[in-house]
Amino acid sequence: MIDELELPFEDDYERGRHRRRRRGASQARGGRPRKRRGRSLFALFVVLFLLAGLAGAGWFGIDRVRNFFTVPDYPGDGDGEVKVQIVANDSGKDMANKLFEKGVVKSPKAFVNAFEANGASKTIEVGYYRLKLHMKASKALDALLARKADHTLANRLSTGVTIPEGTISLDVFAALSKASNLPVDDFKNAAKDPVALGVSPDWFVRQDGKPVQKTIEGFLYPATYEFDPGTDATTMLKAMVAKFNAEVTKLDFLNAVQNNLHISPFEALIAASIAQVEGSFPQDMAGISRVLYNRAYSNKFPCGCLQLDSTVNYWLRISGKSAKPSQDLLNSELHNPNDPYNTHDKPGLPIGPISNPGNDAITGAMNPPTELPAKNYLFFLAIDKAGHTAFATNNADFEKLKVTARKNGAL
């Protein structure tokens with residue numbers, strides 16, 4: 001019974017021996033196992049693929065590390081041109097983002113680093129700037145700070161205009177028009193409502209009982225202004241009025257005039273506008289204002305009239321005519337009853353300012369001399385060609401000033 005039992009493991013053993021003999025014979029003939037060769041090629045492909053992947057990952061990692069320690073930045077002065085606006089309260093980061101979005105700098109971080117390293121960066125002014133594309137961040141910062149020989153910003157795109165002291169509104173409009181290429185009529189129309197431009201209605205009040213001319217004259221503060229491209233006429237005039245308001249507030253002009261002189265601020269502003277035109281030097285402005293106040297309010301001068309040719313010339317100018325030297329003014333012009341600025345026949349200060357005065361004239365009008373003999377000044381006269389002013393308290397002394405003026409070629 002035992003001889004008839006099947007022993008499977010014996011068959012397996014025999015088959016195994018048979019396979020080993022076949023493999024040994026094959027190897028003896030120089031052959032190679034086909035399956036092993038295929039597996040080796042596959043393994044080699046996998047190894048090469050993994051090595052390539054590791055190399056790429058390594059390069060990517062190195063690049064990431066490099067960027068972590070080195071901020072992307074352009075190397076040079078840049079090329080092309082682009083316009084960038086800096087507004088009030090822009091931080092260094094805000095500026096960096098704007099410059100990056102416009103293509104000026106290669107990364108916001110590069111500009112922030114330059115901004116924080118330069119102490120002058122806090123002085124960057126608002127406005128539009130002309131910059132280049134692809135600039136090194138530190139050079140972009142330098143471009144925002146750069147100034148010309150006259151200290152104006154070298155790369156700011158703006159309409160720059162300087163208004164001298166004593167300029168009348170018509171000439172202000174002409175200067176702004178020339179600088180901005182806007183029509184003069186834009187400024188004339190905007191100036192029709194001075195209150196809308198920022199002049200307080202409280203200014204147009206007088207204590208001498210005379211009528212008030214609601215005008216922009218006197219409120220366009222003389223200074224140098226920079227206006228952004230595209231600024232309209234109304235905005236420009238508002239900026240000038242705002243400057244005026246800031247300056248008189250700094251001087252405490254309204255309170256000083258009302259408390260010390262007991263006249264309205266508008267009357268004092270009229271005096272300042274006349275002194276600005278009549279005087280040539282800052283030290284003369286207060287004395288000229290004292291003469292105006294004494295002639296208008298003291299009852300010590302004939303008819304209380306100022307008797308000034310400058311007010312007559314102002315009327316000629318705003319009426320579309322040309323101003324004239326005093327010796328060329330006609331009697332009909334000096335005594336024109338229809339001229340609201342006629343100070344030869346009409347008592348007191350005229351109905352409004354005749355120019356836009358600066359700080360010296362405004363300060364002089366609020367601080368006229370109060371000591372004798374200056375307190376009693378009734379006359380003033382330019383006694384030399386430079387325009388230095390001398391004063392007198394009576395007509396006899398005034399005639400002596402005329403002699404001096406003639407000798408100096410001033411008359």
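The values are calculated or read from the model by the stated rules, or taken from the named source; none is laboratory data. Note that the coordinates shown come from a computational prediction; the quantities given were computed from them, not determined experimentally. Heads up, the Cβs are rebuilt from the backbone with ideal geometry, glycines too, and the neighbour counts pull from every protein chain shown. Areas reflect the complete protein model, heavy atoms only, side chains present, ligands, DNA and RNA absent. Shrake-Rupley method; radii C 1.70, N 1.55, O 1.52, S 1.80 Å.
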How far, in nm, would the chain grow between D77 and K109 when pulled straight, counting 0.36 nm per residue and subtracting the alpha carbon separation?
-> 9.7 nm
Neighbours of T231 by Cβ distance under 12 Å: Lys/Arg at +1, Asp/Glu at -1, summed charge -3
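Assuming 0.36 nm per residue, please report the length gained on full extension of the stretch A179 to L372 beyond their Cα-Cα distance. Mind dumping the intermediate values first?
Working: separation 193, 0.36 × 193 = 69.48 nm, distance 4.74 nm.
Result: 64.7 nm gained on full extension.
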Rounded to the nearest whole Å³, what is the per residue volume of the convex hull around the Cα atoms of the stretch 285-352?
-> 98
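Select from the stretch 97-185 those GluC sites (Glu not before Pro) which occupy a DSSP coil region and have at most 15 other Cβ atoms within 10 Å, ordered by residue number. Provide the component values of the computation, followed by the final result.
On the way: sites: E101, E116, E125, E165; in loops: E125, E165.
In loop regions of the stretch 97-185 (DSSP not H, G, I, E or B), the sparsely surrounded GluC sites (Glu not before Pro) are E125.
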Quick calc: nm separation of the 7 Å Cα→Cβ label points for Q258 and T162 -> 3.7
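Suppose R0 equals 22 Å; then what is the FRET efficiency for K93 and T70 from their Cβ-Cβ distance, rounded to the nearest 0.05?
For K93 and T70, the calculated efficiency is 0.65.
Give the accessible surface of the stretch 85-181 per residue, rounded to a whole number of Å², with probe radius 1.4 Å and ligands, DNA and RNA excluded. Please list the in-between numbers first.
On the way: 4930 Å² over 97 residues.
The answer is 51 Å² per residue.
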Identify the residues of the stretch 345-377 with backbone N under 20 Å of a label point that sits 7 angstrom from the Cα of C305 along the Cα-to-Cβ direction, or state none.
-> 345-354
For the stretch 124-173, calculate the relative contact order in percent as a whole number, restricting contacts to Cα pairs under 8 Å that are 6 or more residues apart.
-> 35
Under the 7 Å Cα-to-Cβ spin-label approximation, A386 and E116 lie apart by a distance in nanometres of 5.6
Over the stretch 80-165, relative contact order from alpha-carbon pairs under 8 Å, at least 6 apart, % = 31
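Work out, in µm²/s and without decimals, the Stokes-Einstein translational diffusion coefficient of the stretch 70-159 at 20 °C, 1.002 mPa s, Rh from Kirkwood over C-alpha pairs.
167
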L251-F398 pseudo-label distance in nm [points 7 Å out on the Cα-to-Cβ vector] | 2.6
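Per the 1.4 Å probe, what fraction of the accessible area of the stretch 272-347, in percent, lies on carbon and sulfur atoms? Before the final figure, lay out the partial values.
Details: 1710 of 3450 Å².
Here it works out to 50 percent.
Work out how much length D232 to D150 would gain on full extension: take 0.36 nm times their residue separation and subtract the Cα-Cα distance, in nm to one decimal. Walk me through the numbers before you get to the answer.
Working: separation 82, 0.36 × 82 = 29.52 nm, distance 2.59 nm.
Gain on extension, D232 to D150, equals 26.9 nm.
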Of the trypsin sites (Lys or Arg not before Pro) in the stretch 288-346, which ones lie in a loop per DSSP and count no more than 11 other C-beta atoms within 10 Å?
-> K321
